[in-house]
């Protein structure tokens, strides 16, 4: 094997951008790149290790021999080591052997920018490239409309390792198999988007992917990088957007990972009060270091650029924002102004969102932020963090707490559900019923519902119906859409066999139809983040535990009127104030027989009466089924044009029919 040849992909401008934290496409420079130099094929390697005295590439091409292929350090104090090794090619396994200049400590590290990694428990990086030919042009050309804040955005959250397994072979499904089965299922369920729990390479299955070691490599558990591109492509070809979980908050201490990379605290903050996460036993990125910011922002851009992702759900934002997050007094240090906010992390998040939306204005970034930190989803120029949406954790906690109560006590907890409307429009909220709510003894969503079997399923259908008609977008974790009975277990497949039973099949049918309702009714998405898009009819009927409200779109004719009965006692001839005169038809009823409901409380077309009620001039009487939700929309019949014939000088002339005279005229 030939020695390392001096070669660089970095210009002086690249280095300046990197050192200033403004290089957002470092994946084009760092890592391993198959190339030809002076007619010789090989691989160019580049790694950042400013505290190193020596960096050599070890791999299966040199029998993992230290020192045989030493990289050259750049002269400009950038800490970049690089070089071209002839004869190395696609599929070669490698690591970096690093000798620290501080204490002669040696580390063996996987490539932070590797495009592919070995399957755990093996930890080497793999030289890789692919020439995948995308077929999602139609989606990419229209996704600005599909990902817009006034578009329907209904997300199915998936853990690829447990959605469905090949039981007979005791193995994961591959990316290729999921491109068939998972894509078909999400399309059948009428979700607009899918969110994948982290697909970046990770060593430990019980972390669910949230302890990342290969930030630029889709996990090898399910196949090759180009096969993951196929999965994304198939989603897009079926008009389904794909959101990736992204973890810039922390990383594991595994020996081959980013921790203590060159014998120094390189990627992590050197002060453990800012650089070590006590809950997760992991390291926290140093957001104040420019090169680290370039690394993270380049990583976000990479998945949007190379894998056509439609956005990110950014994990654990609250842990980034607060210096005292999960820390006792004395375990953290205030910022320069004496506050608890992590100013460097805030600056990083703003820069990341600005970079993402500047390069890809047709995507969305979504913050999993669990506190009342203000303006998370407001633009940076307004002083916000710049996210497109934020998870509505308060709604989730209050709603699940309410629905877990026996129905007889709900009359005393009406405010649990009405409270969300006091802050619903302060952010662009996404309503999540995520994986976090169905693990660690919390039971499944169905398991939280009280009552006998029928009531439990009726409660679940009512919960979802309320969720899909509440302002904001929504997210539902895998298995919840058919009422999985047991908690989620990442080791096993979902309990698909439950679909042979009517109650579970009914919930699945309900979610399908709720997604259709959400997409087809403009009032449910056009103003989902605007206060003008919601109006209470009556939130105070605690005696009956009934909630009634109106969802509004851009046109008055599209108003949807919703009534929820939170008790098992049906409400017949329930009087409801409505905004104007007309006929209303039922467009949704969670109690239909096909949903495993009673099917006994349907509403025929209702004609309003000129009887004032709920401070409105018109009203109607409806049936609200037990533990059910019904939705109505005004009938928008186009009146046929009428013509009259008037004789004028023996010629026939068509004129518009005159308006009927009023009493006043």
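Filtered by the rule that a residue be surrounded by 14 or more Cβ atoms within 10 Å (Cβ to Cβ) and out of contact with any helix residue (DSSP H, G or I) (no Cβ under 6 Å at 6 or more places or on another chain), segment 401-412 gives 405, 407, 410, 411.
Could you go through segment 201-212 and let me know if any residue there is at positive phi, modelled with pLDDT of 95 or more and surrounded by 23 or more Cβ atoms within 10 Å (Cβ to Cβ). Looking through segment 201-212, at least one residue is at positive phi, modelled with pLDDT of 95 or more and surrounded by 23 or more Cβ atoms within 10 Å (Cβ to Cβ). Exactly one residue among 443, 485, 493 is on the phi > 0 side of the Ramachandran plot, part of a loop (DSSP other than H, G, I, E, B) and modelled with pLDDT of 95 or more, and that residue is 443. Residues that are over 30 Å from residue 398 (Cα atoms) and touching a helix residue (DSSP H, G or I) at 6+ places or on another chain (Cβ under 7 Å) were ranked within segment 337-360; the one that is surrounded by the most Cβ atoms within 10 Å (Cβ to Cβ) is 352. Listed conditions (1) within 18 Å of residue 261 (Cβ to Cβ); (2) touching a residue at least 60 places away in the same chain (Cβ under 8 Å); (3) out of contact with any helix residue (DSSP H, G or I) (no Cβ under 7 Å at 6 or more places or on another chain) are all met by residue 81, apart from (2). Checked against (1) under 15 Å from residue 74 (Cβ atoms); (2) in contact with a strand residue (DSSP E or B) (Cβ under 7 Å, 6 or more places away or on another chain), residue 35 passes all but a single condition, namely (1). Residues in segment 34-60 that are over 23 Å from residue 99 (Cα atoms) and either buried (at least 19 other Cβ atoms within 10 Å of the Cβ) or under 33 Å from the mean Cα position of the chain (by Cα) (or both): 42 only.
Kindly check whether there is at least one residue in segment 118-134 that is farther than 30 Å from residue 527 by Cβ and part of a helix (DSSP H, G or I). No, because not a single residue in segment 118-134 is farther than 30 Å from residue 527 by Cβ and part of a helix (DSSP H, G or I). May I ask you to list the residues in segment 357-369 that are touching a strand residue (DSSP E or B) at 6+ places or on another chain (Cβ under 7 Å), more than 13 Å from residue 321 (Cα to Cα) and assigned to a loop (DSSP other than H, G, I, E, B)? The answer is 363, and nothing else. Of the strands (runs of 3 or more DSSP E) contained entirely in segment 557-598, those carrying at least 3 residues that are surrounded by fewer than 22 Cβ atoms within 10 Å (Cβ to Cβ) fall at 571-578, 583-589.
Only residues that are surrounded by fewer than 20 Cβ atoms within 10 Å (Cβ to Cβ) and farther than 20 Å from residue 592 by Cα were counted across segment 438-464, and they come to 8.
If you go through segment 370-393 and keep only what is buried (at least 16 other Cβ atoms within 10 Å of the Cβ), touching a strand residue (DSSP E or B) at 6+ places or on another chain (Cβ under 9 Å) and under 15 Å from residue 423 (Cα atoms), you end up with 370, 373, 376, 377, 389, 390, 391, 392, 393. Restricted to segment 216-227, and to residues that are touching a helix residue (DSSP H, G or I) at 6+ places or on another chain (Cβ under 8 Å) and surrounded by fewer than 24 Cβ atoms within 10 Å (Cβ to Cβ), which residue is nearest to residue 179 (Cα to Cα)? So the residue we want is 227.
Hey, could you check segment 68-88 for residues that are crowded, with 22+ Cβ neighbours inside 10 Å and in a loop (DSSP other than H, G, I, E, B) and say which is farthest from the chain's Cα centre (by Cα)? Only one residue tops the list, namely 69.
For (1) without any contact (Cβ under 8 Å) to a residue 12 or more places away in the chain; (2) under 17 Å from the mean Cα position of the chain (by Cα); (3) in a loop (DSSP other than H, G, I, E, B), each residue gets a yes or a no:
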{"site": "378", "(1), (2), (3)": "no, no, yes"}
{"site": "386", "(1), (2), (3)": "no, yes, yes"}
{"site": "425", "(1), (2), (3)": "no, no, yes"}
{"site": "458", "(1), (2), (3)": "no, no, no"}
{"site": "461", "(1), (2), (3)": "no, no, no"}
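Could you go through segment 234-243 and let me know if any residue there is crowded, with 19+ Cβ neighbours inside 10 Å and under 24 Å from residue 127 (Cβ atoms). No, the conditions are met nowhere in segment 234-243. Residue count for segment 100-138 under the criterion of being farther than 15 Å from residue 224 by Cβ and buried (at least 22 other Cβ atoms within 10 Å of the Cβ): the result is 5.
Residues checked against (1) in a helix (DSSP H, G or I); (2) within 24 Å of residue 195 (Cβ to Cβ):
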site: 295; (1), (2): yes, yes
site: 299; (1), (2): yes, yes
site: 313; (1), (2): no, yes
site: 333; (1), (2): no, no
site: 347; (1), (2): yes, no
site: 353; (1), (2): yes, yes
site: 405; (1), (2): no, no
site: 409; (1), (2): yes, no
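Elements of the type strands (runs of 3 or more DSSP E) sitting completely within segment 182-285 and holding at least 2 residues that are farther than 27 Å from residue 50 by Cα and in contact with a strand residue (DSSP E or B) (Cβ under 6 Å, 6 or more places away or on another chain): these cover 193-196, 241-246. Listed conditions (1) more than 23 Å from residue 461 (Cβ to Cβ); (2) touching a helix residue (DSSP H, G or I) at 6+ places or on another chain (Cβ under 9 Å) are all met by residue 556, apart from (2). The residue list 150, 130, 104 contains one member that is in contact (Cβ under 8 Å) with a residue 24 or more places away in the chain, under 30 Å from the mean Cα position of the chain (by Cα) and more than 21 Å from residue 176 (Cα to Cα), which is 150. Does residue 602 count as over 18 Å from residue 523 (Cβ atoms) and assigned to a strand (DSSP E or B)? Judged against the criteria, residue 602 is not a match.
Only one of the listed residues (235, 222, 228, 302) is within 22 Å of residue 96 (Cβ to Cβ) and at pLDDT 95 or above. That residue is 302.
The values are calculated or read from the model by the stated rules, or taken from the named source; none is laboratory data. Predicted, not measured: the structure shown is a model, and the values here were computed from it. Please note: Cβ atoms are built from the backbone with ideal geometry, for glycine as well, and neighbour counts cover all protein chains shown.
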